[in-house]
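Colleague: One structure follows; several queries about it will come next.
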């Protein structure tokens, strides 16, 4: 979420239209004279602004809960990111897009490392590890947590090499001592990582509590075997300290689409002798409260 210019820097000319989430106006940029579109967002009960700490805790608890369910059922999502989280108007978070998901077992089977959107990809994947565990989802969850706290992507790499550089800059350079087997990863035959001995999470999040920093560090452990599990993360003291997680039903709401499709018309009445006991299901009722994707 980048810094926005003040709306006072634009001259509102006329109203163009109204959508589900707001009203669109034609406006002029007073700096450049350029004609632009301004959208006034419609907010229901929530306060305007970025996610509060209570909101972040509520979201992350639900993400961990969902991941625990997946991992307990031997499923790795492999593409966890903010845009794959859906929020209903009741504050319920749902993990979406299972196109890259795979089942796993023991021993782990080789899988392609080129999965997970780059900004959320774990170091073992970036370095060409042949096997994958639930730890790849937990690293991605850490990136989501950091993104919600920072209000912008935490590790926005432009390439795999740049992604590794950003990780090293934030967490320090991994070594065989903290990550057994690190030196045997395939990509290290072609690249060498910059020597950077410091973990800069505290510098990046100076306002975050010690419990919050411990949770972030747990999610960002280089060694996948030591990285926090979903079950362990839900038990973090971060979720027990104030401000407490917001209750889902108290999370921000958003308006329903006022222009819902009309219910499917029932077929014209048949003569009585052709009537059957079959009754067409009303799909409009069955799916009256769909999960909606929103930016967090």
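The values are calculated or read from the model by the stated rules, or taken from the named source; none is laboratory data. On a predicted model such as this, the values are computed, not experimentally measured, just so you know. We place every Cβ from the backbone using ideal geometry, glycine too, and count neighbours over all the protein chains shown.
Colleague: Over 23 Å from residue 118 (Cβ atoms) and part of a helix (DSSP H, G or I), is that true of residue 202? Even if it seems obvious, please write down each step before you answer.
Modeller: Details: over 23 Å from residue 118 (Cβ atoms): yes; part of a helix (DSSP H, G or I): yes.
When the stated conditions are applied, residue 202 passes them.
Colleague: Separate question: Could you please find all residues in segment 121-132 being surrounded by fewer than 20 Cβ atoms within 10 Å (Cβ to Cβ) and touching a strand residue (DSSP E or B) at 6+ places or on another chain (Cβ under 7 Å)?
Modeller: 130, 131
Rundown of residues vs (1) under 22 Å from residue 152 (Cα atoms); (2) buried (at least 19 other Cβ atoms within 10 Å of the Cβ); (3) assigned by TED's automatic domain parsing to the domain that holds residue 119; (4) modelled with pLDDT under 90, yes/no style:
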residue: 23; (1), (2), (3), (4): no, no, no, yes
residue: 32; (1), (2), (3), (4): no, no, no, no
residue: 71; (1), (2), (3), (4): no, yes, yes, no
residue: 83; (1), (2), (3), (4): yes, no, yes, no
residue: 106; (1), (2), (3), (4): no, no, yes, yes
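Colleague: Sticking with this structure for a sec: Identify all residues within segment 169-187 that are surrounded by 15 or more Cβ atoms within 10 Å (Cβ to Cβ) and either without any contact (Cβ under 8 Å) to a residue 12 or more places away in the chain or touching a helix residue (DSSP H, G or I) at 6+ places or on another chain (Cβ under 9 Å) (or both); write none if there are none.
Modeller: 170, 171, 174, 179, 182, 185, 187
Colleague: A follow-up question, please. Give just the number: which of (1) more than 22 Å from residue 61 (Cα to Cα); (2) assigned to a loop (DSSP other than H, G, I, E, B) does residue 166 not satisfy?
Modeller: The single condition residue 166 does not satisfy is (2).
Colleague: Just one of 284, 212 is assigned to a helix (DSSP H, G or I), at pLDDT below 95 and surrounded by 10 or more Cβ atoms within 10 Å (Cβ to Cβ); which is it?
Modeller: On the way: 212 fails: at pLDDT below 95.
Testing whether each residue is assigned to a helix (DSSP H, G or I), at pLDDT below 95 and surrounded by 10 or more Cβ atoms within 10 Å (Cβ to Cβ) leaves just 284.
Colleague: Could you tell me which of the residues 80, 148 is in a helix (DSSP H, G or I), in contact (Cβ under 8 Å) with a residue 60 or more places away in the chain and under 18 Å from the mean Cα position of the chain (by Cα)?
Modeller: 148
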